[in-house]
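Report on one structure; see the data block that follows.
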Amino acid sequence: RVFFSDIIEEVIARKALLSVSPNQSGHLEFKAEILDESGNATSADLGHTYRKLLCIAFDLAVLRAHLDGKFPRFVFHDGVFESLDDRKKDNLLAVIRQYADLGIQPVITLIDSDLPVRGEKDGPVFDASEIVLTLHDENEQGRLFKIKAW
C-alpha cells in the first residue's frame with residue numbers, strides 16, 4: 001500500500017488509498033481512491049486517465065513488494081502517457097525509471113504524440129538504450145512480429 005501511494009503522490013502530488021477486502025466468494029477485491037488534501041476520497045479515480053494511472057501504480061507496487069521472492073520482474077503497460085499533462089508524464093517516467101533501477105523491467109508503449117514536450121536544450125525524452133523497438137506501418141520491419149498485413 002505504501003509503494004502504491006508513493007507512486008501516485010510522486011506522479012500527481014495527491015495521496016491515494018488502496019484497500020483490500022474479501023468479496024462474497026472469498027476472493028480479494030481491491031479498491032483504489034485518490035484523496036484530497038483533507039484525506040477524503042475524491043471522484044478523480046473514476047476518470048479514465050487516473051484509473052489507468054492507478055492500475056500502473058498497483059502493478060508496479062505489487063512487483064516491488066515481491067522483489068525479494070520468486071515473482072515476475074517485468075510489467076507491460078500500453079499507452080502510459082495518454083491523456084496526462086506533460087509534468088505528470090515526466091513524473092511518471094521518473095517513477096518508471098526508478099523502478100527499473102530496482103530491478104523491475106517496465107515495458108511501455110506510446111505513440112510519439114504522447115511524448116512530453118521538451119525544449120531543444122533538454123534533449124530527447126528517451127535515449128537510444130531505453131528504446132527496444134520502434135514500430136511503424138511502412139513495411140513488415142515496423143510490425144511487431146514482422147508479418148505482412150492481412
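The values are calculated or read from the model by the stated rules, or taken from the named source; none is laboratory data. Quick caveat: nothing in here was measured; it's all calculated off a predicted structure. Glycine also receives a Cβ, built like all others from the backbone with ideal geometry; neighbour counts cover every protein chain displayed. Surface accessibility is based on the protein's heavy atoms, side chains included, excluding ligands, DNA and RNA. Shrake-Rupley method; radii C 1.70, N 1.55, O 1.52, S 1.80 Å.
On inspection, V75 qualifies as touching a Pro at 6+ places or on another chain (Cβ under 7 Å) and assigned to a strand (DSSP E or B). When segment 3-44 is filtered for residues that are at pLDDT 90 or above, of a type in the set (G, A, S) and farther than 25 Å from D86 by Cβ, the ones remaining, listed by number, are S19, S21, S25, G26.
Those residues that are of a type in the set (S, T, Y) and either in a helix (DSSP H, G or I) or within 13 Å of the chain's Cα centre (by Cα) (or both), I need them from segment 40-59; list them, please. The answer is T49, Y50.
Can you tell me which residue among E37, E9 is under 14 Å from the mean Cα position of the chain (by Cα) and open to solvent by 70 Å² or more (accessible area, probe 1.4 Å)? None of the other options fit; the residue is E9. Mind checking which residues of segment 99-128 are of a type in the set (D, E, K, R) and either in a loop (DSSP other than H, G, I, E, B) or within 19 Å of I12 (Cα to Cα) (or both)? Those that are of a type in the set (D, E, K, R) and either in a loop (DSSP other than H, G, I, E, B) or within 19 Å of I12 (Cα to Cα) (or both): D114, R118, D127. Among the conditions (1) among the hydrophobic types (A, V, I, L, M, F, W, C); (2) open to solvent by 80 Å² or more (accessible area, probe 1.4 Å); (3) under 14 Å from the mean Cα position of the chain (by Cα), A100 misses just one, which is (2). The residues of segment 85-99 that are out of contact with any Phe, Trp or Tyr (no Cβ under 9 Å at 6 or more places or on another chain) and hydrophobic (A, V, I, L, M, F, W, C), listed by number, are A94, V95, I96. Each residue in segment 78-93 was checked for being part of a helix (DSSP H, G or I) and either out of contact with any Asp or Glu (no Cβ under 9 Å at 6 or more places or on another chain) or charged (D, E, K, R) (or both), and 6 of them qualify.
Yes/no matrix, rows are residues, columns are (1) among the small types (G, A, S); (2) touching a residue at least 40 places away in the same chain (Cβ under 8 Å); (3) within 22 Å of I111 (Cβ to Cβ):
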{"position": "L18", "(1), (2), (3)": "no, yes, no"}
{"position": "G26", "(1), (2), (3)": "yes, no, no"}
{"position": "D36", "(1), (2), (3)": "no, no, no"}
{"position": "A44", "(1), (2), (3)": "yes, no, no"}
{"position": "G47", "(1), (2), (3)": "yes, no, yes"}
{"position": "A61", "(1), (2), (3)": "yes, yes, no"}
{"position": "V75", "(1), (2), (3)": "no, no, yes"}
{"position": "D78", "(1), (2), (3)": "no, no, yes"}
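None of S113, S129, S83, S43 is hydroxyl-bearing (S, T, Y), in contact with a Lys or Arg (Cβ under 9 Å, 6 or more places away or on another chain) and open to solvent by 70 Å² or more (accessible area, probe 1.4 Å) except S83.
Out of all the residues in segment 109-129, is one or more in contact with a strand residue (DSSP E or B) (Cβ under 7 Å, 6 or more places away or on another chain) and touching a residue at least 24 places away in the same chain (Cβ under 8 Å)? Taking every residue of segment 109-129 in turn, at least one turns out to be in contact with a strand residue (DSSP E or B) (Cβ under 7 Å, 6 or more places away or on another chain) and touching a residue at least 24 places away in the same chain (Cβ under 8 Å). Just one of the numbered conditions (1) in a loop (DSSP other than H, G, I, E, B); (2) within 17 Å of I12 (Cα to Cα); (3) β-branched (V, I, T) is not true of I96: (1).
Each residue in segment 60-74 was checked for being within 15 Å of I7 (Cα to Cα) and either surrounded by fewer than 18 Cβ atoms within 10 Å (Cβ to Cβ) or over 13 Å from the mean Cα position of the chain (by Cα) (or both), and 3 pass.
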